[in-house]
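Please read the structure below before turning to the comments.
The values are calculated or read from the model by the stated rules, or taken from the named source; none is laboratory data. On a predicted model such as this, the values are computed, not experimentally measured, just so you know. Neighbour counts are summed over all protein chains in view; Cβ atoms, including those assigned to glycine, are modelled from backbone coordinates with ideal geometry.
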Amino acid sequence: QVSWKLADHPTLPKGKTLALIVLDGWGEYKPDEYNCIHVAQTPTMDSLKQGAPEKWRLIRAHGKAVGLPTEDDMGNSEVGHNALGAGRIFAQGAKLVDIALASGKIYEGEGFKYISECFEKGTLHLIGLLSDGGVHSRLDQLQLLLKGASERGAKRIRVHILTDGRDVLDGSSVGFVETLESDLAKLCENGVDARIASGGGRMYVTMDRYENDWDVVKRGWDAQVRGEAPHKFTNAVEAVKKLRENANDQYLPPFVIVDENEKAVGPIEDGDAVVTFNFRADRMVMLAKALEYQDFDKFDRVKVPKIRYAGMLQYDGELKLPGRYLVSPPEIDRTSGEYLVHNGVRTFACSETVKFGHVTFFWNGNRSGYFNPEMEEYVEIPSDVGITFNVQPKMKALEIGEKARDAILSRKFDQVRVNIPNGDMVGHTGDIQATVVACKAADEAVKFDWKSSVFFSLTALEGPNSTNCGRMLMRNEPSEINAMIIDAIEQVGGIYVVTADHGNAEDMVKRNKSGQPLYDKSGKLQILTSHTCQPVPIAIGGPGLAAGVRFRNDVPDGGLANVAATVVNLHGYVAPNDYEPTLIEVVNN
Ligand code: 3PG
Ligand code: CO
């Protein structure tokens, strides 16, 4: 039985409105031309940095600090938001799968037994992201699974690949497909009929998330299940090379591999087994629903084969989706959100669709609902659909900022939590100029910038009655109209915590060990679309921050998991004692 009551903090008051702002993909790195945060005008984040070391510091957001297998693992939003919300470091999917494969336990569980009953007569289909990015999946895990399954009776295997170029360099898909082809060829030599059956780029085929665009999943379904796609090839390496002429890895159109009679070599049929080999949930949930649900109306599946399906992990513990899985997911319990709600902290969370589940589902330990609907409100702002975000780098930052501002000014909430996606989503496109615009937009959502505001100069020139400036009149205090999140916090006497979940926009090139940008054979700069291993900033402040509160200097290795206890303290409570230590202390001035 969990005791939810938190002890009162000995000195910090309750009842201060707290804004908790997560800038997605916003790390700290040396200032050069490939650091988009440095290049962009970011007056708010710059001014917060002036508060170092008492009110601004860096925290770890990658590797073991967020439960990933090694220090070479870059951070990501799943593990980042899990750590931020849960206040403890849990061994994450990547690591749990490694352990299960190394010990062989993966083959002893219910999930594997369930699918292996199809091996005698049916085909084993493996669907997932093909790269060594380690964010959603890993090639070496797929390789071990192929070997393990074939040793345990799988006679016919079909792999449905999704090319990456987002967690790894664009163009690397060709090498991954070659490696997989050679592995499958070896299996064939040992009498297993093993082939790639279909493919497509992860952002265009299958791996949508948070129900942003079901067409993405449908395109994958048609190729994987029905064996239908606009492009047909007899060889997957050739397919990827050819399709790359008009698209990069992330956005390759769907293709199927066909035999000499133009017949797809591996549609999913009655009696087959299917495994989705991604360990990360967000971009597999939609396909899992299509594979598992009897009643399904998101698109016309046309063909619904009777299969045995298992996920690498269970992707949603609340929905129990999928029902069968090879490895148990981390059990992230007693998150800060749940504690705070039990202690009367009214919570508002908001982002746009592409990151909505990050501040809700991941934040709350991979659960999608409210803990207590009377105490919480989660608002999703619909993301633009069908575009790459470099063409719309401002995304919905302003709208998120405004929603948060209104929630703060309504005084109905004690915690107002947002994710501002721009640095990450635009950073993933590899478009440096657009990422600079993205970073500026994110900064503007945090706080209204009077100086860079064109309206300011217009009012200054033309006086407060200027019709040009419409509603934006010059005031001493930010008004409700032009205030953003921190301005609103200033108005209500609240507190802000600004941080990030992992790096991305602060470094847009691949570098050698000494930090020099790397070029490919043709002399082209190697653009980094992925996250990074850089630390992220955290800043605290606001009129409601009690005097004497500052960052401690005895948690130098502090990471994202230390934020939860910090936030719990700022709400006036002592954090549960198994939480990672708080980052703050209160000193008597
Ligand atoms: C994605 O899914 O978009 C990337 O692989 C990781 O990005 P995220 O961790 O920031 O969501
Ligand atoms: Co990202």
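Values computed for the structure shown
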| read-out | value |
| --- | --- |
| All positions within segment 150-183 that are in a strand (DSSP E or B), more than 16 Å from ligand 1 (Cβ to nearest atom) and closer than 13 Å to Gly199 by Cα | Arg158, Val159, His160 |
| Qualifying residue in segment 294-316 (condition: modelled with pLDDT of 95 or more and within 16 Å of ligand 2 (Cβ to nearest atom)) | no |
| Filtered residues of segment 375-394 (kept if closer than 15 Å to Val359 by Cβ and assigned to a loop (DSSP other than H, G, I, E, B)) | Ser383 |
| Meets criteria (within 16 Å of ligand 1 (Cβ to nearest atom), modelled with pLDDT of 95 or more, crowded, with 24+ Cβ neighbours inside 10 Å and of a type outside the set (Lys, Arg)) for Gly111 | no |
| Check on Val135, away from ligand 1 (no atom under 16 Å from the Cβ), of a type in the set (A, V, I, L, M) and touching a residue at least 24 places away in the same chain (Cβ under 8 Å) | no |
| Qualifying residue in segment 27-39 (condition: modelled with pLDDT of 95 or more and touching a Cys at 6+ places or on another chain (Cβ under 7 Å)) | yes |
| Top-ranked residue of segment 507-542 - restricted to ones that are touching a residue at least 40 places away in the same chain (Cβ under 8 Å) and of a type in the set (Ser, Thr, Tyr), ranked as surrounded by the fewest Cβ atoms within 10 Å (Cβ to Cβ) | Thr529 |
| Test for Glu352: is it out of contact with any Cys (no Cβ under 6 Å at 6 or more places or on another chain), acidic (Asp, Glu) and over 23 Å from Leu409 (Cα atoms) | no |
| Which listed residue is away from ligand 2 (no atom under 16 Å from the Cβ) and surrounded by fewer than 18 Cβ atoms within 10 Å (Cβ to Cβ), from Asp443, Asp414, Asp384 | Asp384 |
| Long-range neighbours under 7 Å by Cβ, at least six apart or interchain, first residue without any contact (Cβ under 8 Å) to a residue 40 or more places away in the chain within segment 336-363, second of a type in the set (Asp, Glu) | Val341/Glu376 |
| Counted residues, segment 223-243 - those being surrounded by fewer than 23 Cβ atoms within 10 Å (Cβ to Cβ) and either more than 19 Å from Val274 (Cα to Cα) or in contact with a Ser or Thr (Cβ under 9 Å, 6 or more places away or on another chain) (or both) | 11 |
| Residue identified as closer than 29 Å to Cys350 by Cβ and assigned to a loop (DSSP other than H, G, I, E, B) among Gly51, Gly80 | Gly51 |
| Filter result (surrounded by 21 or more Cβ atoms within 10 Å (Cβ to Cβ) and not basic (Lys, Arg)) within segment 45-70 | Met45, Leu48, Ile59, Ala61, His62, Ala65, Val66, Gly67, Leu68 |
| Test result for Gly87, within 25 Å of the chain's Cα centre (by Cα) and more than 16 Å from ligand 2 (Cβ to nearest atom) | yes |
| Scan of segment 1-56 for residues that are at positive phi and within 16 Å of ligand 2 (Cβ to nearest atom), ordered by number | Gly25 |
| Residue among Gly153, Gly201, Gly171 that alone is among the small types (Gly, Ala, Ser), surrounded by fewer than 24 Cβ atoms within 10 Å (Cβ to Cβ), out of contact with any Lys or Arg (no Cβ under 6 Å at 6 or more places or on another chain) and over 22 Å from Asp98 (Cα atoms) | Gly171 |
| Qualifying residue in segment 342-365 (condition: over 23 Å from Trp214 (Cβ atoms) and not assigned by TED's automatic domain parsing to the domain that holds Ile387) | no |
| Test set (1) more than 21 Å from Gly80 (Cα to Cα); (2) buried (at least 24 other Cβ atoms within 10 Å of the Cβ); (3) within 16 Å of ligand 2 (Cβ to nearest atom) - Val345 fails condition number | (3) |
